[in-house]
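The values are calculated or read from the model by the stated rules, or taken from the named source; none is laboratory data. All values derive from a computational prediction rather than experimental measurement. We place every Cβ from the backbone using ideal geometry, glycine too, and count neighbours over all the protein chains shown. In case anyone asks, the SASA skips ligands and DNA or RNA and just uses the protein heavy atoms, side chains included. Shrake-Rupley method; radii C 1.70, N 1.55, O 1.52, S 1.80 Å.
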Amino acid sequence: MIKPKLIQQFIVEPGSDVNLKKYVTDWTETEEAQELGKDAIKERAAEILAESRKQLDAAQELLYASDTHSVLLIFQAMDAAGKDGTIRHVMSGVNPQGCQVFSFKKPSAEELDHNFLWRYMKALPERGRIGIFNRSYYEDVLVVKVHPEWLGPGQPAKPDGKFWQQRYEDINNFEKHLARNGTLVLKFFLHLSKGEQKKRFLERLNNPEKHWKFSGADMAEREHWKDYQKAFEEALGATSTKRAPWYVIPADRKYVARALVADIVVTAIQDLKLEFPKVSEETMTRLDVARVQLEGKSNEGKPEA
Ligand code: ATP
Ligand code: MG
């Protein structure tokens, strides 16, 4: 487990004025990391990821058995920050029946005809399950803030500050509703540097097996880098709450991002202090009877001599 004190630096203080430049994108460049050495960090990150995967599988089973809570993990980032890879690596040990991933793309005409939270509400995890939103309702205060012309019919052509404040408020109220109804919400912004994005785009262009990952739209959005960073800063500051915090995860090193996310998710679920349901005395008696019956038939199930 990673020390809570170390994790603390990645949490966005509710209501704070966020300056993303103050959050590292490459954690291995920090002083505390350099003391440890890069190789040691890579090794330790792999260990943490492996440990966390096992613990996450057990935590999900308990989540299912106790049937009182669900977990919603939200991933937001600039293109090529590693959302898909992080989700794949962190969740790879979990029973597939216990989790569900939804990836949100540009909304359809039908979706645009509803309130902006509608399509996400339909995808919320049921009790006992971990739901993952690969992009989420935060797109509606991020990409759409950068491109207000994508707001859809019936919306203001030039939304003002109040419009966005109201959306943040809607999101906070929505997450309050989720928390009150037993959903643990954790939000991850994979914080990538512009230089590392360039490197990853070039890798996609230079490797035929990665060509499919490259999209012209990604290049167009890169042009709006500053506007996106500003939209993230505003959204993160306005919507990080104690009940549904934002974590700014340094994403230039994939192994750092994966280990951090895995550790944060496991720790948060363990902090729910869930318990396996206790059976009644009557059921206990029935279990005892069944045990005695099975043990009495000691030859059953063995191949005949
Ligand atoms: P990858 O590129 O890794 O496969 P992705 O999440 O970038 O995954 P894409 O299909 O490339 O998937 O992009 C989805 C696009 O949909 C993004 O550009 C995103 O900003 C956009 N999008 C998502 N939600 C909304 C929304 N509510 N309004 C407008 N655009 C949205
Ligand atoms: Mg994309």
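Structural remarks
- Across K187/K254; K176/K230; K106/K194, pairs whose alpha-carbon gap is larger than 19 Å: K176/K230; K106/K194
- Options G98, V18, Q8, ranked by Cα towards positive dipole end of the chain, top entry (Cβ charges): V18
- Computed over protein heavy atoms with a 1.4 Å probe, the carbon and sulfur contribution to the accessible area of the chain reaches 51%.
- Cβ charges +1 (Lys, Arg) and -1 (Asp, Glu), total dipole of the chain, debye: 380
- Loop-resident sites, segment 200-276, for GluC sites (Glu not before Pro), counting at most 13 other Cβ within 10 Å (DSSP): E223, E275
- Since only L184, Y255, N206 are under comparison, the one whose Cα sits farthest along the positive direction of the charge dipole of segment 10-279, derived from C-beta charges on Lys, Arg, Asp and Glu, is N206.
- Highest-MSF residue in the chain out of I130, I269, I41 [GNM, Cα springs under 10 Å]: I41
- With Cα atoms, 0 to 90° folded angle of helix 38-66 axis to the chain main axis: 60
- FRET efficiency estimate (nearest 0.05) - Cβ-Cβ, K42 to N207, R0 22 angstrom: 0.50
- Crossing angle, helix 281-296 versus the chain [Cα axis fit, 0-90 degrees, rounded to tens]: 60
- Charged neighbours of I2, selected by a Cβ distance under 13 Å, balance to 0 (K, R count +1; D, E count -1).
- For the chain: accessible area per residue (Å², 1.4 Å): 57
- The chain: angle of helix 194-206 to the longest principal axis, Cα-based, in degrees nearest 10: 80
- Classification of segment 219-305 by its C-alpha gyration tensor yields a prolate form. The axis ratio a/c (a ≥ b ≥ c) is 1.5 or more, and a/b outweighs b/c.
- D (Stokes-Einstein, µm²/s), Kirkwood Cα radius, segment 1-147, 1.002 mPa s at 20 °C: 120
- The chain: antiparallel DSSP beta bridges as a percent of all, rounded to 5: 5
- Cα point-scatterer Debye curve for the chain, base-10 log of I(q)/I(0) at q = 0.16 Å⁻¹: -1.44
- S103-S16 pseudo-label distance in nm [points 7 Å out on the Cα-to-Cβ vector]: 3.2
- Estimated 222 nm signal from helices in the chain, with DSSP H stretches of n ≥ 4 weighted -39500 (n - 2.57), rounded to 500: -15000 deg cm²/dmol
- Take each peptide in 167-174, 80-87, 91-98, count the other Cβ atoms within 10 Å of every residue, and average; sorted highest first, the result is 80-87, 167-174, 91-98.
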